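Okay, so here's the structure we're looking at.
Every number in this text was worked out from the coordinates using simple rules, so none of it is lab data. All values derive from a computational prediction rather than experimental measurement. For neighbour counting, all protein chains shown are included, and Cβ atoms are generated from backbone atoms with ideal geometry for every residue, glycine included.
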Amino acid sequence: MVYELFVKQLDGCTYHAQGDNCTCACEAMWLFRASQGKIKTTSCAVRTKTQDRVDGTNLGQMEIVSLAAGIDGGRVYRPAGWDTLTTAIASRRYGSHLNIRYRKLSGTRYDCFHGAFKGNHDLFISGPGRLSGTWRVGDPGADGRRETTPDGFQDIPVSLLKACAGDLDLGGHPLGFGRAYIYLTPPDPRTTASPKVHATVIHPTSVWNDGTKRWVYGGANAIKIGTPLICRTATYVKGNVACYPIDPSSPNYPRYFVPKVNVKLGAAA
Amino acid sequence: MTEDPNPPVDDEPADTLPEVELPQNDPADDPKNDTIPEDAL
């Protein structure tokens, strides 16, 4: 499971002005993810730990906060190529700070500041969004404080995020398209794989190729009844069909997905 | 239909990411976030 907590920056902080605390709010989201739900904190608490009461904060300061909290597996890139971030997010095992300049988000449906903010900002990326081509984003301004203010995590187009990241203001010049200042969490632990079992095809079947997102071995080439497989018992929905993954150790069709209704599971493999 | 020429992907993602893939900027070039103006709050 992905540990996810939305943290707003406007939390009534008296240590330092809330309008400066977006990076601290993202760090609170980052810490929850990085600690697998063990560290639950606030924007204001993070800000206080920085002992910095001047203007905003940066990724270097957040790294120090993380280390002080006992999280040493994160990685700051100043900068990363965009592909590094896309690889990490696509794996569903990393969250990340993402520094941006806001002006390209301003005025869009995702704008949490009603057109009045254009400057450098920080977002927390939690993972892929529900819609293709989007990421699930915690903008710490998304607290629903006005009727038109987004509330909580939003699915934002990756193309827009990429443009905003490359637009980050580095003291009068933009970072550059295709680059991003990011601070990745440590990878989430691998979940325990479901048991491997012997399986037998009981109806002629196609299998799903997850690389090309297509069914293969259809019609006359359908996989024959009696074909032995080794499957894992987890259910994955592929091509709108409930399937078992065929284990890499399977003597036939490794790494494809087979419809559950077309196989009979047997003994542990 | 014959076997698809494109091999399926393994759903096990890699643990490792590039240590350094671009020249890293100096930590001094680590901009603080800007202040959200009052009228946006």
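Structure notes:
- Positive-end residue, chain A charge dipole about Cα centroid, Cβ charges, pick of A:110, A:236, A:22: A:236
- With contacts taken as Cα pairs under 8 Å and at least 6 residues apart, chain A reaches a relative contact order of 16 percent.
- Size descriptors for segment A:163-238: radius of gyration and Dmax over Cα atoms are 22.8, 68 Å.
- Whole-number D in µm² s⁻¹ for segment A:41-147, Kirkwood Cα-pair radius fed into Stokes-Einstein, 20 °C, 1.002 mPa s: 138 µm²/s
- Cα pair distances of segment A:50-109 binned at 5 Å [whole percent]: 4, 12, 21, 19, 21, 14, 7, 1
- Debye-formula intensities of segment A:102-184, expressed as log10 I(q)/I(0) at q = 0.13, 0.16, 0.19, 0.25 Å⁻¹, are -0.39, -0.59, -0.84, -1.36 (one equal scatterer per alpha-carbon, no solvent).
- Semi-axis lengths, Å, segment A:1-94, gyration tensor of Cα atoms, sqrt of 5 times eigenvalues: 23, 15, 12
- With contacts taken as Cα pairs under 8 Å at a separation of at least 6 residues, segment A:65-141 carries a relative contact order of 25 percent.
- Once the C-beta distance of residue A:4 and residue A:264 is scaled by a Förster radius of 45 Å, the resulting FRET efficiency is 0.75 to the nearest 0.05.
- Within the listed set A:77, A:256, A:181, the residue fluctuating most in the Gaussian network model of chain A (springs between alpha-carbon atoms under 10 angstrom) is A:256.
- Note on residue B:24 and residue A:236: the model spin-label points, each 7 Å out from Cα along the C-beta direction, lie 3.4 nm apart.
- Stokes-Einstein D (µm²/s) once Rh is taken as the Kirkwood radius of the protein assembly as shown over alpha-carbon pairs, at 10 °C in 1.306 mPa s: 75 µm²/s
- Isolated cysteines of the protein assembly as shown, defined as having no other cysteine beta carbon under 4.7 Å away, are A:22, A:24, A:26, A:112, A:164, A:231, A:243.
- Full-stretch length increase - residue A:214, residue A:147 - with 0.36 nm per residue and alpha-carbon distance subtracted: 19.8 nm
- FRET E, pair residue A:194, residue B:38, Förster distance 45 Å, beta-carbon r, rounded to 0.05: 0.25
- Relative exposure of A:213, A:8, judged by other C-beta atoms within 10 Å (fewest first): A:213, A:8
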